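Below is one structure; the comments refer to it alone.
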Amino acid sequence: MEKHIFLLILFFLLQFPISIASSNETDQQALLAFQNLITSPNHFLASNWMKNTCFCSWFGVTCTPKTQRVVALTLPNLQLQGTISPSLANLSFLRELNLENNLFHGGIPYGIGDLPRLRVIDIQNNQLRGSIPTSLFQHRRVQVISIAFNELGGEMWKGPWYVPELRVLYLRNNSLADITPPSFLGISDNQISGCIPSNICQLIELQALSLYFNNITGDIPRNIGCLSKLEVFYISDNAIKGTIPASLGNISTLRQLNCANNHIVGQTPPELGKLSNLRELSFGYYYNLTGQIPKAIFNISSLEVIDFSFNNLSRRIPTTTGLHLLNLKKLYLGANQLEGEIPLFITNASKLVLLDLAQNFLTGTIPTNLGNLLELQGLCGMHILEIPACAINNPGKQSKLKEVLLKNVTPVVISSILIFLFVSAWIMKRKNKGKSKDVEKGRSGSVYKGTLSNGTTVAIKVLDLENEQLKILSVSFNNITGDIPKNIGCLAKLEMFLISENAICGTIPASLGNISTLQHLDSGDNRLEGQAPQELGKLSNLRVLNFHKNFNLIGQIPKAIFKISSLEAIDFSFNNLSGRIPATTDLHLPNLKEFILAFNQLEGEIPQYIANASKLEILTLNYNFLTVAIPTNLGNLRELQSLFLDHYQLTNEPRESELLFLNSLVNCRMLKYLDVGFNLLNGVLPNSIGNLSSTIEVFDITNAHIYGLIPASIGNMSGLISLVFNENNLTGYIPLEIGKLKQLQGLYLNNNKLQGHIPEAKMSGLLYLNMSHNSIEGEVPPTIGELKAIEELHLSGSIPLSITNLMSLEDLDLSLNALSGIIPKSLEKLSYLTSINVSFNDLEGEIPSGGVFVNSTLLSFLGNKGLCGMHILELPACPITNPGQQSVSKKLVLKIVTPVVISFFLIFLLVSILIMKRKKKGKSKDVEKWFLYLVPTTQENAYAIYECAANYIIIFVNFSR
């Protein structure tokens with residue numbers, strides 16, 4: 001018996017390693033099948049994953065120590081290309097699959113969702129398509145599903161979700177749609193619609209719920225507090241309505257609560273004050289929250305961000321001294337109806353970086369200890385506060401203050417905290433000249449009282465600009481006037497100076513060049529004048545430089561600006577700058593993304609170094625006086641999206657017939673807008689335009705002196721929305737391949753020398769079509785009538801009856817052609833048609849009188865010798881040639897003219913009878929008989945006479961005889 005047991009145990013032990021080996025072999029085969037479908041840079045994976053080595057030692061593979069089974073496959077950030085092999089579903093012990101930040105395409109293998117031990121699947125930031133395996137939404141053990149930033153589409157799983165251990169569901173930036181599952185999870189930045197279901201409590205382990213940037217509607221579930229382990233609740237930028245559930249206050253683990261930009265109404269529940277771990281609280285941009293902010297919220301010491309901006313909150317900000325916000329960094333309460341004073345406890349929030357109290361009804365003084373906020377970087381538009389009148393013990397100080405300050409400060413300027421800085425800088429300047437002895441007694445932080453010319457009482461605080469830590473100064477979109485202070489450069493730590501969309505005048509201070517920390521300088525849409533100072537070239541950290549739409553900046557752009565390697569955007573458009581764009585070879589702009597110099601008076605050539613700005617996305621140099629040829633190395637700009645070089649005097653390469661720069665642009669695979677019109681190109685379109693990026697939406701080469709044929713390869717530009725080749729010397733036929741451009745909305749080929757017929761093309765989305773002023777002949781194809789959405793139509797040829805199907809047509813121009821035949825009367829039915837022009841053709845027949853023709857004038861029909869019509873006086877009346885029309889006209893005469901004649905005849909007859917009766921009484925009886933026969937005595941007889949007047953005239957004639 002013992003012998004048999006021993007043999008049995010021995011048999012089992014022998015079988016065990018065999019089964020392990022078999023399972024190991026399955027894992028190895030699965031990994032090798034996965035490797036066969038992918039490639040890696042320098043064949044790294046192929047050289048590492050060798051069959052003669054243990055697969056558990058392969059890069060990215062983790063195995064269990066005893067059984068040697070694969071439990072993790074982690075290959076992130078390796079630029080791997082290919083598809084994900086379905087063989088991975090054979091890794092039955094796999095717990096973690098991480099392939100994020102690679103270049104995988106194709107679909108997600110459905111078997112992956114059936115791996116029983118899977119905990120984490122992270123394949124975000126690839127190029128995966130198709131739908132998500134439904135088995136992932138019924139996985140009992142999966143904790144993290146991260147498949148964001150792919151191209152996944154289709155509908156989400158609508159059946160029951162059973163993922164009790166799920167903590168993170170990250171599906172952002174895909175094309176998922178129409179989700180209405182009974183359990184709703186975080187799927188930010190998609191097009192999800194529907195409501196958050198009340199049975200969300202089934203997800204008892206959920207820690208993050210992120211649904212922002214979708215189309216979610218309905219209310220926040222009243223029982224949302226059941227998610228007792230929730231730490232992040234993000235539902236901003238949706239269409240959620242209703243009130244804020246008080247049960248949110250039960251989620252003690254909650255750290256981030258962001259419900260901004262929805263349609264939530266009502267008051268903020270005081271229960272939110274129980275969220276002792278809360279760091280972010282955002283209910284901004286609702287517009288509908290009312291009442292007072294609960295006092296308890298300001299007792300949450302962990303809070304870093306509070307945002308209730310753009311609502312209808314009222315009453316006072318809680319002012320009790322026991323409130324503590326030790327970690328608060330950002331406080332946004334602007335654009336409400338708050339009143340009262342600024343609470344002193346705000347000045348104890350020592351970590352505060354941004355404070356926004358603008359557009360409220362706050363009163364009182366600016367706290368004198370505001371200077372305690374040493375970390376403060378931005379006071380976003382905080383209004384200067386009104387204070388009650390009070391006695392000033394020093395009359396000299398009062399008079400000097402009025403003399404120095406109030407005469408130069410306008411009510412508009414003091415609408416923001418910027419004026420504090422400007423006024424202070426001005427005081428300091430006067431103080432240095434010994435002209436403000438009284439004011440100089442006040443040190444930084446002193447508050448003075450004064451009255452403006454309109455009677456407003458204001459408080460003005462003296463700030464020491466030398467010691468301020470200000471990093472952000474933003475007062476854009478106001479009505480601020482005056483100059484930029486010359487000593488603005490004393491703000492030594494300023495990073496953002498944003499004053500666009502105002503009425504600021506004067507010159508650009510050279511001292512701006514002293515702010516070495518400056519990154520954003522935006523002074524667009526103002527009234528600045530003069531030259532751009534050379535000192536701007538010292539701003540070595542500058543990223544954005546914007547002086548567009550000042551209209552009066554003159555001179556040359558400083559060369560030193562083009563040596564600031566950190567620059568990402570340069571915009572001097574809509575000014576009067578002149579001279580050449582600096583073109584030395586030592587200039588380098590490796591980070592430049594936007595280069596905009598349009599609408600100036602710049603001359604010379606386009607610098608070659610522009611083509612070395614490899615990150616450039618927008619190049620706009622139009623409306624200048626640049627000459628010579630368009631560079632042929634613009635194809636180096638692989639990220640270029642917009643190229644505007646129109647309205648120049650640019651040319652093609654000398655002695656070249658083809659437009660060579662277009663060959664170069666083939667390499668710009670992200671290009672959307674290409675405009676080189678109104679130049680002197682004098683060349684032909686190369687066949688290579690068919691190789692231009694399919695992303696191009698607008699291709700405009702108007703009036704550029706191009707000639708030759710339109711290449712048939714134009715049909716390959718499948719993304720085109722607008723194609724503009726008008727006013728050139730193009731010849732030959734319109735290629736049939738244009739009909740392939742299914743996205744096309746505007747096609748302009750007018751004013752060329754094109755020949756042949758208009759091709760039949762089915763482009764249902766076409767809105768604007770202009771082929772007029774060519775040598776096109778024959779009839780307009782009847783398929784034109786299928787363009788249901790078209791709004792403007794300019795053609796050559798005869799007018800087809802199908803044109804009356806264009807129910808959206810607004811403008812019809814068929815002038816200056818050789819059109820023949822008649823104008824279809826059915827055009828009267830086009831209710832949106834407001835303008836028609838058929839002048840200078842060979843049309844004939846009657847002009848319709850209804851619809852658009854009612855208000856048309858002679859100008860719309862000039863040059864057509866055969867047209868006629870009664871409603872346009874300058875045209876001859878139409879002759880009656882149709883017997884049917886003649887009979888109708890006869891009836892019209894009988895019904896209108898004849899009764900008038902009969903009336904005069906009857907009057908004459910009555911008078912004659914009376915005369916005859918008096919002269920010949922003996923004959924009156926016979927006359928009375930005829931009179932009774934002619935004069936009606938009933939209504940029926942009257943109608944009979946009206947209808948048969950001709951017969952009575954004959955009777956009268958017989959009687960006369």
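The values are calculated or read from the model by the stated rules, or taken from the named source; none is laboratory data. Quick caveat, the model's predicted, so the values are computed rather than measured. Methodologically, a virtual Cβ is constructed for each residue, glycine included, from the backbone with ideal geometry; neighbour enumeration extends over all protein chains shown. These area figures cover heavy atoms from the full protein model, side chains too; ligands, DNA and RNA do not enter into them. Shrake-Rupley method; radii C 1.70, N 1.55, O 1.52, S 1.80 Å.
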Fill in the blank from the handout: For the range 824-841, pairs from a residue that is without any contact (Cβ under 8 Å) to a residue 40 or more places away in the chain to a residue that is aromatic (Phe, Trp, Tyr) and surrounded by 19 or more Cβ atoms within 10 Å (Cβ to Cβ), with Cβ under 8 Å and 6 or more apart or across chains, are LEU827/PHE853; GLU828/PHE853; ILE836/PHE853; VAL838/PHE861; SER839/PHE861
Problem - Every residue from the range 485-512 that is touching a strand residue (DSSP E or B) at 6+ places or on another chain (Cβ under 8 Å) and either of a type in the set (D, E, K, R) or open to solvent by 30 Å² or more (accessible area, probe 1.4 Å) (or both) - result: GLU495, MET496, LEU498, CYS505, THR507
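Yes/no matrix, rows are residues, columns are (1) within 43 Å of the chain's Cα centre (by Cα); (2) more than 19 Å from ALA46 (Cα to Cα); (3) of a type outside the set (Asp, Glu):
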| position | (1), (2), (3) |
| --- | --- |
| VAL71 | no, yes, yes |
| THR74 | yes, no, yes |
| ALA89 | yes, yes, yes |
| GLU96 | yes, yes, no |
| LEU99 | yes, no, yes |
| PRO109 | yes, yes, yes |
Problem - Every residue from the range 810-862 that is closer than 23 Å to LYS753 by Cα and either in a loop (DSSP other than H, G, I, E, B) or of a type in the set (A, V, I, L, M) (or both) - result: LEU812, LEU814, SER815, LEU816, ASN817, ALA818, LEU819, VAL838, SER839, PHE840, ASN841, LEU843
Problem - Filtered residues of the range 41-63 (kept if open to solvent by 20 Å² or more (accessible area, probe 1.4 Å) and either aliphatic (A, V, I, L, M) or within 45 Å of the chain's Cα centre (by Cα) (or both)) - result: PRO41, ASN42, HIS43, PHE44, ALA46, MET50, PHE59
Exercise for the section: Consider ASN882 carefully, then state whether it is open to solvent by 40 Å² or more (accessible area, probe 1.4 Å), under 60 Å from the mean Cα position of the chain (by Cα) and either closer than 23 Å to SER772 by Cβ or at pLDDT 80 or above (or both). Expected result: no
Exercise for the section: Enumerate the pairs (first residue in the range 464-490 and outside any strand (DSSP E or B); second residue anywhere and open to solvent by 30 Å² or more (accessible area, probe 1.4 Å) and modelled with pLDDT of 75 or more) with beta-carbon separation below 6 Å, excluding pairs fewer than 6 apart on the same chain, so at least 6 apart or on different chains. Expected result: GLN469/LYS493; LYS471/LYS493; LYS471/GLU495; SER476/LEU498; SER476/GLU501; PHE477/GLU501; GLY489/ASN514
Problem - Residue selected from the range 675-714 under the condition of a type in the set (Val, Ile, Thr) and more than 30 Å from the chain's Cα centre (by Cα), by the criterion most open to solvent (accessible area, probe 1.4 Å) - result: VAL684
Exercise for the section: Could you name every one of the strands (runs of 3 or more DSSP E) located completely within the range 626-723 that has at least 1 residues being among the acidic types (Asp, Glu) and touching a strand residue (DSSP E or B) at 6+ places or on another chain (Cβ under 6 Å)? Expected result: 673-675, 698-700
Exercise for the section: Considering only residues that are open to solvent by 10 Å² or more (accessible area, probe 1.4 Å) and assigned to a loop (DSSP other than H, G, I, E, B), look in the range 607-623 and name the one that is nearest to VAL684 (Cα to Cα). Expected result: ASN622
Completion exercise
GLU727 meets each of (1) assigned to a loop (DSSP other than H, G, I, E, B); (2) surrounded by fewer than 17 Cβ atoms within 10 Å (Cβ to Cβ); (3) on the phi > 0 side of the Ramachandran plot with one exception, condition (2)
Practice task
State the number of residues belonging to the range 573-594 that are touching a helix residue (DSSP H, G or I) at 6+ places or on another chain (Cβ under 9 Å) and of a type outside the set (D, E, K, R).
Solution key: 10
Handout entry: Flag if ILE145 is touching a strand residue (DSSP E or B) at 6+ places or on another chain (Cβ under 8 Å) and outside any loop (DSSP other than H, G, I, E, B)
Key = yes
Exercise for the section: Quick one: LYS66 ticks every box in (1) surrounded by fewer than 19 Cβ atoms within 10 Å (Cβ to Cβ); (2) at pLDDT 90 or above except a single one, so which number is it? Expected result: (2)
Handout entry: Sole residue being open to solvent by less than 30 Å² (accessible area, probe 1.4 Å) and part of a loop (DSSP other than H, G, I, E, B), chosen from LEU136, LEU94
Key = LEU94
Exercise for the section: Considering only the range 343-355, state which residues are more than 16 Å from PRO318 (Cα to Cα) and open to solvent by 10 Å² or more (accessible area, probe 1.4 Å). Expected result: SER350, LYS351, VAL353, LEU354
Fill in the blank from the handout: Being among the small types (Gly, Ala, Ser), assigned to a loop (DSSP other than H, G, I, E, B) and either in contact (Cβ under 8 Å) with a residue 12 or more places away in the chain or open to solvent by less than 10 Å² (accessible area, probe 1.4 Å) (or both) narrows SER247, SER252 down to just SER252
Practice task
Identify all residues within the range 822-833 that are open to solvent by 30 Å² or more (accessible area, probe 1.4 Å) and under 19 Å from SER772 (Cα atoms); write none if there are none.
Solution key: ILE822
Problem - Residue ID - nearest to LEU553 (Cα to Cα), chosen from residues in the range 624-649 that are open to solvent by 60 Å² or more (accessible area, probe 1.4 Å) and polar (S, T, N, Q) - result: GLN649
Practice task
Can you work out which of the residues in the range 264-318 that are at positive phi and either assigned to a loop (DSSP other than H, G, I, E, B) or without any contact (Cβ under 8 Å) to a residue 24 or more places away in the chain (or both) is surrounded by the fewest Cβ atoms within 10 Å (Cβ to Cβ)?
Solution key: GLY291
Handout entry: Checklist (1) at pLDDT below 90; (2) within 22 Å of VAL666 (Cβ to Cβ) applied to GLN745, failing item
Key = (2)
Completion exercise
A careful count of residues in the range 101-133 that are over 16 Å from PRO86 (Cβ atoms) and open to solvent by less than 40 Å² (accessible area, probe 1.4 Å) gives 5
Completion exercise
Filtering the range 27-40 down to residues that are open to solvent by less than 50 Å² (accessible area, probe 1.4 Å) and either in contact with an Asp or Glu (Cβ under 9 Å, 6 or more places away or on another chain) or not in a loop (DSSP other than H, G, I, E, B) (or both) yields ASP27, GLN28, ALA30, LEU31, LEU32, ALA33, PHE34, GLN35, ILE38
Problem - Candidates ILE515, ILE564, filtered to the one that is open to solvent by less than 10 Å² (accessible area, probe 1.4 Å) and either touching a helix residue (DSSP H, G or I) at 6+ places or on another chain (Cβ under 6 Å) or among the small types (Gly, Ala, Ser) (or both) - result: ILE515
Completion exercise
Only one of (1) open to solvent by less than 70 Å² (accessible area, probe 1.4 Å); (2) in a loop (DSSP other than H, G, I, E, B) does not apply to SER764, and that is (1)
Practice task
Go through the range 196-209 and give me each residue that's more than 20 Å from ARG119 (Cα to Cα), open to solvent by less than 70 Å² (accessible area, probe 1.4 Å) and touching a residue at least 24 places away in the same chain (Cβ under 8 Å).
Solution key: ILE196, PRO197, ILE200, CYS201
Exercise for the section: Considering every residue within the range 658-674, establish whether at least one is basic (Lys, Arg) and surrounded by 16 or more Cβ atoms within 10 Å (Cβ to Cβ). Expected result: yes
